[in-house]
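In what follows, a structure is listed as structure tokens, so that the remarks can point back to it.
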There are 2 protein chains.
Amino acid sequence: MIDLATRVWNHTWKIDPIVRSLLDTDFYKLLMCQSVRRSHPQTRVTFELINRSRHVPLARLVDEGELREQLDHVRSLRLSRGESTWLRGNTFYGKRQMFRPDFMEWLEGLQLPPYHLERQGDQYRLTFEGPWPEVMLWEIPALAIIMELRSRAVLKGMGRFALQILYARAMTRVWEKGERLRRIEGLRLADFGTRRRHGYLWQDWCVQAMIEALGEKFIGTSNCLIAKKRDLEAIGTNAHELPMVRAALAPDDEALRRAPYEVLADWQEEHEGNLRVILPDTYGTKGFLENAPDWLAEWTGIRIDSGDPVENAELALRWWQAHGQDPREKLLVFSDGLDVPEIEALHARFAGRVRLTFGWGTLLTNDFSGLVPGDALAPFSLVCKAVAAEGRPTVKLSDNPEKAMGPPEEVARYRRVFGVGEQIARAVRV
Amino acid sequence: MIDLATRVWNHTWKIDPIVRSLLDTDFYKLLMCQSVRRSHPQTRVTFELINRSRHVPLARLVDEGELREQLDHVRSLRLSRGESTWLRGNTFYGKRQMFRPDFMEWLEGLQLPPYHLERQGDQYRLTFEGPWPEVMLWEIPALAIIMELRSRAVLKGMGRFALQILYARAMTRVWEKGERLRRIEGLRLADFGTRRRHGYLWQDWCVQAMIEALGEKFIGTSNCLIAKKRDLEAIGTNAHELPMVRAALAPDDEALRRAPYEVLADWQEEHEGNLRVILPDTYGTKGFLENAPDWLAEWTGIRIDSGDPVENAELALRWWQAHGQDPREKLLVFSDGLDVPEIEALHARFAGRVRLTFGWGTLLTNDFSGLVPGDALAPFSLVCKAVAAEGRPTVKLSDNPEKAMGPPEEVARYRRVFGVGEQIARAVRV
């Protein structure tokens, strides 16, 4: 029996808008947004799409009209009553009313600000300018839209059975990853794959597969909409944009040096427990920890997001020990380019020495490599970053020079100020 | 949007009756039925279910109540107007009005006769008695029901994701078989997998996958309902039951010796061209060909359904040559336990020397081996055969003693009459 209403509805493109809710974003974006709205409500920033995989000619793959249509659709979204109720009433990280009433009121009225899109050769220049709390919320939907439009462009040319087999193979691959991970005793793993997912429905399927495969070992998702829909914990704390914008605003070298710690001092006022996770790599993990104030060693955890994960994790453990902390009560969050072998190896090395959480991203929600001719669905490295604050360029050094960004002279200055020595380049896959 | 009517309909067991139409049977059954109705309308026969894989405890796996319910459902079926129109109006093997008006009228009024079911230890004894034209039509639905009830029994205990991945893996397997077969130049292949299929919906999916994967190389299906639904050629000619019943009715050894050829003499009156396909193995291929009348060498083809397929095919080619026939104008139909490696090897050996068709059965429509714990979905060998005619037992010798059936003293007599020497046993997988 045919559901006529569904079929007629499906005749229009609205069958699957790529971003279907303002909650279809990473939880840490909302946490950071609330923080930024308090400390920097009027700071003007620019976010920009950056395709680190230049060999992927996005402007040839993705139709500009479709891209505008999807971006416009996001601007038509408003927080629904049910979504607002969920944010207001839910317990996040064991805390009620994580989001303050004034923030919720603002969020309920929010429309994402305009975007600027132009084609430059085979790439798009896509930027967002305006007040930091508004502009920052474009990051995840912008990435998800580009990623899914690229998937859809590849899938358009495929027949019905080729599509069915493609998804059969991809599902089998995800499931087999889950079966391997299930064997890791004491694993704690979350989905961090929203931004570079194959598509929304696919991410939602992957999350359900992990719920089924991993049970208690699957601790949640960074995606608020899926957390709400699947009754999961929303996971995430803070990201590079906080120190990057604060550093860009610093008037001199001394203020620049202090900026990353001031960000965390602010955060400490707002959050406790498992939300106190340090992201130390923005200007080099080694220097960050060496120069960190003592109170930071009291924080719960450290997120390892670039560089050699083993080396950085060992660095973190030694730092905690040097500050009289027991690493077994601390938390390491690994979140950089993970797949099953990396998770297995890191867990084998660090389990028992420190608490562990794995934030599994693109290789959970977008591992279609080798499944279509020309490997046209292979994941690639796309980011959307704050590139300027109040007209001043931002800089990120990272523990991997391949992930560094900013004007060369500013990068040199930051390297000097933060005492970053030689770094080892690691290929950025996703 | 939920289609409430479908959901409510699905609450009942009627969501997927195993046999949903009297056309859900093999085409050759209808051809043979028409022939039998003309020559032996009142001959009383007994058909019986035979599980050649005794290690599969059918009565423990399949609930008796469910089995009765499905068998009763088949008895409630009547040929629909659209089905009758298709049989009356369609072109089969290039011929219009293959089914005569008197046969169609009879078929339109047909209800399958009662069945007899009792449990015997871990197996069921399932028999059908009555006039040959009616009883013979039970074979395919009875087998399909048992096979699918066994599948369903195994699937009942599985979770939603385990099921999804099971089918993802099975689909990928079928598709990859299609991708391999597509590379065989000049392949002609048909689905012969109705009787021992995993399930109706699965067979229908496999057929669609082969249409997509093989294009012109997929020449049709033995299943009338699927042929009608998917606009394919219905494929098939005749089977062992014709010589088996005729042989059982023979009053003496001399009549017995003539019986297999009389069957084909009858067939020749009714059919021409590609429908003139000899099934020579009922009482040994070698003796059958050696003693065959000359007019049989004029027939189009030979079906190889037991024994060593290469040996029997070479035998057939030599026989044609000895009778002044050009094998390149003849047809070999391979239909015994085929999978991709066998099809590849037989095609490589015989292509160019003779026309070839492959009737791919159980390993197309029921290859779930290795996909569930305990290999509980592995295909097994189940048949439903004429075991008696007018109270006299039937005998089949086959080219594989593992497939022989009948009372030992009758088997000995047949071996003597047909001059069958030593035979090599081959494991019967499906």
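A few remarks follow.
- Label point at B:Ser39 placed 7 Å out along Cα→Cβ; residues across the stretch B:205-246 whose backbone nitrogen lies under 17 Å: B:237-246
- GNM result for chain B, Cα springs below 10 Å: residue of B:Gly159, B:Gly109, B:Gly199 fluctuating most strongly: B:Gly159
- Stokes-Einstein diffusion coefficient of the stretch B:82-176, Kirkwood radius over Cα pairs, 25 °C, 0.890 mPa s, in µm²/s: 141
- Farthest towards the positive end of the charge dipole of chain A, among the residues A:Asn223, A:Leu289, A:Leu242, is the Cα of A:Asn223, using unit charges on the Cβ of Lys, Arg, Asp and Glu.
- Pairwise label distance in nanometres, B:Leu163 with B:Arg54, each label 7 Å out on the Cα-Cβ vector: 3.6
- The charge dipole of the stretch B:162-365, taken about the Cα centre with unit charges on the Cβ atoms of Lys, Arg (+1) and Asp, Glu (-1), comes to about 900 debye, rounded to the nearest 20.
- Rounded Å value of the spacing that divides the Cα centres of the stretch B:57-82 and the stretch B:27-42: 23
- Its Cα gyration tensor gives the stretch B:269-346 an equivalent ellipsoid; the semi-axes, largest first and in whole Å, are 20, 14, 13.
- Considering the stretch B:33-145 at the alpha-carbon level, its Rg and Dmax are found to be 16.4, 49 Å.
- Relative to the 2.2 N^0.38 Å rule of thumb, the stretch B:162-365 has a C-alpha radius of gyration ratio of 1.09.
- Among beta bridges from DSSP that stay inside chain B, the antiparallel ones total about 55%.
- Net charge of the neighbourhood of A:Gly421, taken over other residues with C-beta under 13 Å away and scored Lys/Arg +1, Asp/Glu -1, is 0.
- In this label model, A:Arg416 and A:Leu201 are separated by 5.5 nm, measuring between points 7 Å along each Cα→Cβ vector.
- Here's how it looks for A:Met98: its modeled amide H is under 5 Å from those of A:Phe92, which are all 5 or more places away or on a different chain.
- A simple rule links phi to the HN-Hα coupling: the Karplus curve 6.51 cos²θ - 1.76 cosθ + 1.60 with θ = phi - 60°, which for the stretch A:422-430 gives 5, 10, 9, 6, 10, 4, 9, 8, 9 Hz, with x for Gly and Pro.
- Listed residue pairs exceeding 26 Å between alpha carbons, taken from A:Lys217/A:Lys330; B:Lys95/B:Lys403; B:Lys156/B:Lys396; A:Lys95/A:Lys330; A:Lys95/A:Lys177; A:Lys229/A:Lys396: B:Lys95/B:Lys403; B:Lys156/B:Lys396; A:Lys95/A:Lys177; A:Lys229/A:Lys396
- Cα gyration tensor shape of the stretch A:303-430, rounded if a/c is under 1.5, else prolate or oblate by comparing a/b with b/c: oblate
- Kirkwood hydrodynamic radius of the protein assembly as shown, from inverse mean 1/r over distinct Cα pairs, in Å: 31.7
- From helices alone, chain A scores -13500 deg cm²/dmol at 222 nm; the rule is -39500 (n - 2.57) for each run of n ≥ 4 DSSP H residues, then divide by the residue total.
- For B:Val45, residues with placed amide H under 5 Å, excluding near neighbours: B:Gly130, B:Trp132, B:Glu390
- Positive minus negative residues near A:Glu48 (Lys, Arg vs Asp, Glu; Cβ under 11 Å): 0
- Of all DSSP bridge pairs formed entirely within the protein assembly as shown, close to 55 percent run antiparallel.
- Chain A: angle of helix A:340-350 to the longest principal axis, Cα-based, in degrees nearest 10: 30
- Above 43 Å, the calculated P(r) of chain B contains 8 percent of its Cα-Cα pairs.
- Cα-centre dipole for the stretch A:205-303 with unit charges at Cβ (Lys and Arg positive, Asp and Glu negative), debye to 20: 460
- Summing Cβ point charges (Lys, Arg +1; Asp, Glu -1) relative to the Cα centre of the protein assembly as shown gives a dipole of roughly 440 debye.
- The DSSP beta bridges internal to the stretch B:162-365 are antiparallel in roughly 0% of cases.
- As computed over the stretch B:194-311, the Cα convex hull volume per residue (Å³): 146
- The H on the amide N of B:Ile304, modeled in the peptide plane, is under 5 Å from the matching H of B:Val333, B:Phe334, B:Ser335, each at least 5 residues off or on a different chain.
- Angle in degrees between helix B:139-156 and the longest Cα principal axis of chain B, rounded to the nearest 10: 40
- Efficiency of FRET from Cβ geometry, B:Ala348 and B:His116, R₀ 35 Å, rounded to 0.05: 0.15
- Axis of helix B:309-322 versus longest Cα principal axis of chain B: the two differ by about 40°, to the nearest ten degrees.
- By the Cα gyration tensor, the stretch A:73-131 has an equivalent ellipsoid whose semi-axes, rounded to whole angstrom, run 32, 13, 11 from largest to smallest.
- Top of A:Trp267, A:Trp295, A:Trp320 by mean-square fluctuation, Gaussian network on chain A, Cα under 10 Å: A:Trp295
- Candidates A:Gly406, A:Gly361, A:Gly352: whichever shows maximal mean-square fluctuation once chain A is modelled as a Gaussian network with Cα springs under 10 Å: A:Gly352
Read the figures in this text as sums done on the coordinates, not as results from a lab. Since this is a predicted model, take the numbers as computed values, not measurements. Reconstructed Cβ throughout: ideal geometry from the backbone, glycine too, with neighbour counts over all protein chains shown.
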